[in-house]
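Heads up: the structure comes next, in structure tokens.
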Amino acid sequence: MSCRSARHHPTGKVRVNANHKLLDVWLLICCDRCGRTSKIPVHERVNVRALDNERLRLFENNDPAVVRQLTMDATLARRAGHQLDWTGTWQLDTDLPFYDLQDADAAPLEVVVRFELPAPVRVEKLLTAGFGLSRPALRGMVDSGRIRLPLPVGARAREDFTFLVVAPPRSPGDVGSRPGGGGPVEGGGGRRGSGPTVSSSDGG
């Protein structure tokens, strides 16, 4: 009776099979429950001349960087009927300067979000974690234009993006006042314009 587990992890190996001038290349994965090895097709029945010699050598030597790249290839996984599971594999490392969200005199702050790995993370979750805001407070700042995003706040991001934070508008007649809209944000001593980095472990 075959194992019904749907969860697999990469073995760290690539198999190359040559049949005359045709090559098959597979990424090997292992069942989490029974340990059975399966294959995810990378190249099927391709002419040996179609692959760069250096690329072929990396396949044959189970190059860790190539295995990692193939493991995170969502298109490759989807073609084989698999889906990458990034649950619990990411963390947010911030290097934000001190920035008072209540200060009407604060200069605009440009924040750059960089992904070390393409872990899909909801933008709202990133920003609430990075700024220490509640979801309603964050959405209020987005709706009012104080946080200007290049993509919807509810979207999932997996690639680098940049957004802008601007000071709250002054009320007529205000002098030196600090309207509401959040508290100060203090990071790890980074310069203005630096931003958080999303890092994660390998997904399988």
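The values are calculated or read from the model by the stated rules, or taken from the named source; none is laboratory data. Predicted, not measured: the structure shown is a model, and the values here were computed from it. So basically every Cβ, Gly included, is an ideal-geometry build from the backbone, and we count neighbours across all protein chains shown. These area figures cover heavy atoms from the full protein model, side chains too; ligands, DNA and RNA do not enter into them. Shrake-Rupley method; radii C 1.70, N 1.55, O 1.52, S 1.80 Å.
Below is a table of values for the structure above.
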{"read-out": "Rel. contact order, % - alpha carbon contacts under 8 angstrom, at least six apart, segment 1-43", "value": "36"}
{"read-out": "Surface share of carbon and sulfur [accessible, 1.4 angstrom probe, percent] for segment 42-161", "value": "45"}
{"read-out": "Cβ-derived FRET efficiency at R0 41 Å, residue 164 paired with residue 47, nearest 0.05", "value": "0.25"}
{"read-out": "Eligible lysines near residue 39 by straight Cα distance, threshold 17 Å, same-chain separation 8 or greater", "value": "13"}
{"read-out": "In order through segment 109-124: 3J(HN,Hα) via Karplus (6.51 cos²θ - 1.76 cosθ + 1.60), integer Hz, x for Gly, Pro", "value": "10, 8, 10, 10, 9, 10, 9, 6, 9, x, 6, x, 10, 5, 4, 4"}
{"read-out": "Relative contact order (%) - segment 3-99, alpha-carbon pairs under 8 angstrom, separation at least six", "value": "23"}
{"read-out": "Estimated vicinal HN-Hα couplings, Hz - segment 163-170 in sequence order (Karplus 6.51, -1.76, 1.60; Gly, Pro = x)", "value": "9, 10, 10, 10, 5, x, x, 7"}
{"read-out": "Amide H partners (placed H, <5 Å) of residue 100, local residues excluded", "value": "185"}
{"read-out": "Directionally averaged projected area (convex hull, Cα atoms, segment 75-152), nm²", "value": "6.8"}
{"read-out": "Computed lengthening from residue 6 to residue 18, 0.36 nm per intervening residue step minus Cα-Cα distance", "value": "1.4 nm"}
